[in-house]
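I have placed the structure first, in the form of structure tokens, so that the comments after it can refer back to it.
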Amino acid sequence: MIPVAKPYITEQEKKIVMEVLSSGALAQGEWVSKFEQKFAKFIGTKYAIATSNGTSALHLSLMALGIKQDDEVITTPFTFIASANAIIYVGAKPVFVDIDEQTFNINPDLIEAKITPKTRAILPVHLYGLPAEMNKIMNIAKKYNLYVIEDACQAHGARVRGQNAGSIGDVGCFSFYPTKNMTTGEGGMVTTDNLQIAEKIYLLRGHGMKVRYQYVTLGYNYRMTNIAAAIGLSQLKKLPSFNRIRVKNAQKLYKGLSNIKGIVITKTPNEIKHVFHQFTVRITSDYKHSRTKLIEYLSQKGIDSSIYYPTPLHKQKVYIDLGYKDSLPVSEKLADEVLSLPVHPLVSEEDLEFIIKTIKEFS
Ligand SMILES: *Cc1c(COP(=O)(O)O)cnc(C)c1O
């Protein structure tokens, strides 16, 4: 099977993990600090704070910005559930804005209509590694005095006009889950230029402890381990090459699949660096078969594919139970059309040719 996601782990990671294990310093320590420094430098922010995962990075960011009970945060319904759940964790309300059919990201032209006196922030997601329209989003945020929390959990190294995803808004949040562009097993990171926000996050990440066993606020244990940070340091060095291979693989798939009736592929907008966390096509009603049939066919041929995500968040039981009744037609339509194909750095040239050939013969 050609998997749709697979972490790229080498002897380097094994060696560095053994080094940490031998040192005995397994929990948060020097390795974490070093990873934070290198990650901040890579993203281009003054601070980076390592966390236990991407979800805790989002939760800490919302808390540090003071977003609380009854506040509203504008976000996309077409994302992994953590983006919106983190808003619920602080007692605030996710307000869903429909997406753009071309980019799969929040449609900035629909944001202003959803702003109310309770709106505190916009939380765009750079889905599949393609940055959201940050120019327009930042302008709206400025006009209405809103914070911007970038969910860059799928966009390590993605860029908008030379600026890294995660360095444009007030904070950026990253995940290092094994399927992401780089991994630490489980792990996350918050990036920011704002010292006050960074200090709050440091505090909240470690039970609100300022001086040893003196707790000044209610905090959490959202720390990263030294073991994870060591893997992260090794992976971060390779991230640019991982991303280069992803882009090259995507170009090959784009070329090979671009003239098939009913398969729609988005072209990357100008001045945007897409890092192809996923290579996602739309299987529209013009396609010869159903999406389900194509998935089955690919699977029979040994090609894994996946739907990210089959149900928009406002249609999830947990959100329906919370009272959500939105109709967000583009998200709902694309949830029925999207299909992600293997694009990660362990997919070989031959794999790509086989994927293209297999899809062509079924189309
Ligand atoms: C992976 C991901 C997260 C959460 O990250 P975890 O590390 O799994 O907690 C949040 N948002 C998006 C868009 C993601 O893809």
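Side notes on the structure shown:
- Selection from the stretch 304-363 of residues that are among the hydroxyl-bearing types (Ser, Thr, Tyr) and either open to solvent by less than 20 Å² (accessible area, probe 1.4 Å) or without any contact (Cβ under 8 Å) to a residue 60 or more places away in the chain (or both): Ser305, Thr311, Tyr319, Ser327, Ser331, Ser340, Ser348, Thr358
- Within the stretch 153-186, considering residues that are more than 14 Å from the ligand (Cβ to nearest atom) and among the aliphatic types (A, V, I, L, M), the one most open to solvent (accessible area, probe 1.4 Å): Ile168
- Count of residues meeting criterion [under 19 Å from Tyr177 (Cβ atoms) and exposed (fewer than 13 other Cβ atoms within 10 Å of the Cβ)] in the stretch 1-31: 1
- Pairs, first modelled with pLDDT under 95 in the stretch 260-271, second charged (D, E, K, R) and surrounded by fewer than 17 Cβ atoms within 10 Å (Cβ to Cβ), C-beta under 8 Å, six or more apart: Glu271/Arg161
- Tallying residues that are surrounded by 15 or more Cβ atoms within 10 Å (Cβ to Cβ) and charged (D, E, K, R) within the stretch 249-279 yields 2.
- Looking only at the stretch 136-150, and only at residues there that are part of a strand (DSSP E or B) and hydrophobic (A, V, I, L, M, F, W, C), the one that is surrounded by the fewest Cβ atoms within 10 Å (Cβ to Cβ): Val148
- Candidate set: the stretch 66-106, residues that are among the polar types (S, T, N, Q) and open to solvent by 30 Å² or more (accessible area, probe 1.4 Å); chosen: the one farthest from the ligand (Cβ to nearest atom): Gln69
- If the condition is being among the hydroxyl-bearing types (Ser, Thr, Tyr) and over 23 Å from the mean Cα position of the chain (by Cα), then the stretch 292-344 contributes Thr292, Tyr297, Ser299, Tyr324, Ser327.
- Positions within the stretch 283-297 being part of a helix (DSSP H, G or I) and under 14 Å from Val338 (Cα atoms), in sequence order: Arg291, Thr292, Lys293, Leu294, Ile295
- Residues that are hydrophobic (A, V, I, L, M, F, W, C) and within 16 Å of the ligand (Cβ to nearest atom), drawn from the stretch 187-203: Met189, Val190, Ile201
- Meets criteria (in contact (Cβ under 8 Å) with a residue 60 or more places away in the chain, away from the ligand (no atom under 15 Å from the Cβ), touching a Lys or Arg at 6+ places or on another chain (Cβ under 6 Å) and under 16 Å from Ala229 (Cα atoms)) for Gln12: no
- From the options Glu199, Glu133, Glu112, residue that is touching a Lys or Arg at 6+ places or on another chain (Cβ under 9 Å) and open to solvent by 50 Å² or more (accessible area, probe 1.4 Å): Glu112
The values are calculated or read from the model by the stated rules, or taken from the named source; none is laboratory data. Treat the numbers as computed from the prediction; the structure is a model and nothing was measured. With ideal geometry, Cβ positions are generated from the backbone for all residues, glycine too; neighbour counts draw on all protein chains shown. Accessible surface areas use protein heavy atoms only, side chains included; no ligands, DNA or RNA. Shrake-Rupley method; radii C 1.70, N 1.55, O 1.52, S 1.80 Å.
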